[in-house]
Amino acid sequence: MERTLSIVKPDGVKRGVIGEVIKRLEESQINIVAMKMIYMTKNQAKGFYAVHKERPFFGSLTDFMSSGPAVVMVLEGEGVIARYRKLMGATNFEEAEEGTIRRDFATDIEKNVVHGSDAPETAEFEINYFFNSFEIVS
Ligand code: UDP
Ligand code: MG
């Protein structure tokens, strides 16, 4: 059984697509086992995206991620990391497949509505970054 971290990023919350993201998870039979709204500080965003700290977009990305509330969720199921990445679509919405969340709602390569972990190790780090074990149902 695999877990992954999902975020509806501040642009998604502002544009009112929390429900749409959750609807797509439910329609795909992806189990949500934890969920809350958070408002990241700049430092929390920097810690979360530390893997990208040398990238040119790091400053702008962490400003964006700390610009408003976001919804963080833990998803659970067989192959859920890849299944959720497929629902999200490519990082650049212009390259994302039809019918994916990013293709349908993203406006920008940075403001791309959702986050999803990309591997079991990153999923573990990212889930523990926002949730303790008592906040995840089983
Ligand atoms: N990002 C950006 N410019 C880029 C690449 C990425 O602003 O050229 C942002 C975008 O919000 C992306 C996040 O940085 O979702 C993390 O990048 P990553 O390559 O990990 O993409 P993801 O795993 O989110 O698809
Ligand atoms: Mg990534």
Check: In whole percent, how big is the carbon plus sulfur part of the accessible area of the chain, probe 1.4 Å, protein atoms only?
Finding: 52
Notebook entry, point to check: Can you tell which of Val51, Gln29, Ser6 lies farthest toward the positive end of the dipole of the range 1-113, using +1 and -1 charges on the Cβ of basic and acidic side chains (Lys, Arg; Asp, Glu)?
Noted result: Val51
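Can you figure out the FRET efficiency of Asp63 with Ser138, using R₀ = 30 Å and their beta-carbon distance, to the nearest 0.05?
In this case the efficiency is close to 0.25.
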Note to self: What's the magnitude of the charge dipole for the range 44-113 around its Cα centre, counting Lys and Arg as +1 and Asp and Glu as -1 at the beta-carbon? Answer in Debye, nearest 20.
What the structure shows: 220
Next item on the list: Enumerate by residue number the GluC sites (Glu not before Pro) in the range 1-73 meeting two conditions: DSSP loop (anything except H, G, I, E, B), and at most 10 other Cβ atoms within 10 Å of the site's Cβ.
Entry: Glu54
Note to self: I'd like to check one number: the per residue accessible area of the range 1-116, probe 1.4 Å, reported in Å² as a whole number.
What the structure shows: 50
Margin query: Helix-only mean residue ellipticity at 222 nm, the chain, DSSP H runs n ≥ 4 weighted -39,500 (n - 2.57), per residue, nearest 500. What is it?
Written below: -10500 deg cm²/dmol
Next item on the list: Starting from 0 in steps of 5 Å, tell me what percent of the Cα-Cα pairs of the range 27-114 lands in each bin.
Entry: 3, 13, 18, 21, 25, 16, 4, 0
Notebook entry, point to check: Using 0.36 nm per residue, how much length does the chain from Asp118 to Gln44 gain when fully extended, once their Cα-Cα distance is taken away?
Noted result: 24.7 nm
Item checked: Charge dipole (debye, nearest 20) of the chain; +1 at Cβ of Lys and Arg, -1 at Cβ of Asp and Glu -> 420
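The values are calculated or read from the model by the stated rules, or taken from the named source; none is laboratory data. Remember, it's a predicted structure, so these values are computed and weren't measured experimentally. Counting neighbours? That spans all protein chains shown, and the Cβs are built from the backbone with ideal geometry, glycine included. We work out accessible area using only protein heavy atoms, side chains counted, and drop any ligands, DNA or RNA first. Shrake-Rupley method; radii C 1.70, N 1.55, O 1.52, S 1.80 Å.
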